[in-house]
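Comments concern the structure below.
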Amino acid sequence: MEKNILEAFQPNIIERLGEVYWRDDGYREAFEKEKELANRVRETFSGEQMDIVEEYHSAISATMGICELLAYRQGMKDMVSILK
């Protein structure tokens with residue numbers, strides 16, 4: 001039963017976390033800094049260098065997305081354990 005509950009919540013996890021992030025001032029500030037730095041990199045690097053940076057950034061983002069899901073799932077499991 002526990003697994004079914006967690007699976008039912010999963011499709012909405014990223015959307016709900018995104019809403020939480022955007023309400024946080026610290027996250028919005030960090031996001032703006034990230035955009036500034038990305039623009040500086042685009043202005044400085046060649047096309048080939050930029051391709052490598054974008055590929056690296058995509059890999060990091062994918063890894064962090066997995067970490068988000070794992071942390072959220074573990075929090076849900078912990079909550080279920082506490083409520084039992």
| Among the numbered criteria (1) open to solvent by 90 Å² or more (accessible area, probe 1.4 Å); (2) under 16 Å from Ile13 (Cα atoms); (3) of a type outside the set (Phe, Trp, Tyr), which single criterion is violated by Gly65? | (1)
| task | Mind listing just one residue for me: the one in segment 17-56 that is open to solvent by 90 Å² or more (accessible area, probe 1.4 Å), closer than 30 Å to Met76 by Cα and not acidic (Asp, Glu) and, of those, modelled with the highest pLDDT? | result | Arg23
| Consider Gln74 against the criteria (1) in contact (Cβ under 8 Å) with a residue 60 or more places away in the chain; (2) of a type outside the set (Ser, Thr, Tyr); (3) open to solvent by 80 Å² or more (accessible area, probe 1.4 Å): it satisfies all of them except one. Which criterion is unmet? | (1)
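The values are calculated or read from the model by the stated rules, or taken from the named source; none is laboratory data. From a predicted model like this one, the values you see are computed outputs, not experimental measurements. Cβ sites come from the backbone with ideal geometry, for glycine too, and all protein chains shown count toward neighbours. Note: areas computed on protein heavy atoms with side chains; ligands, DNA, RNA excluded. Shrake-Rupley method; radii C 1.70, N 1.55, O 1.52, S 1.80 Å.
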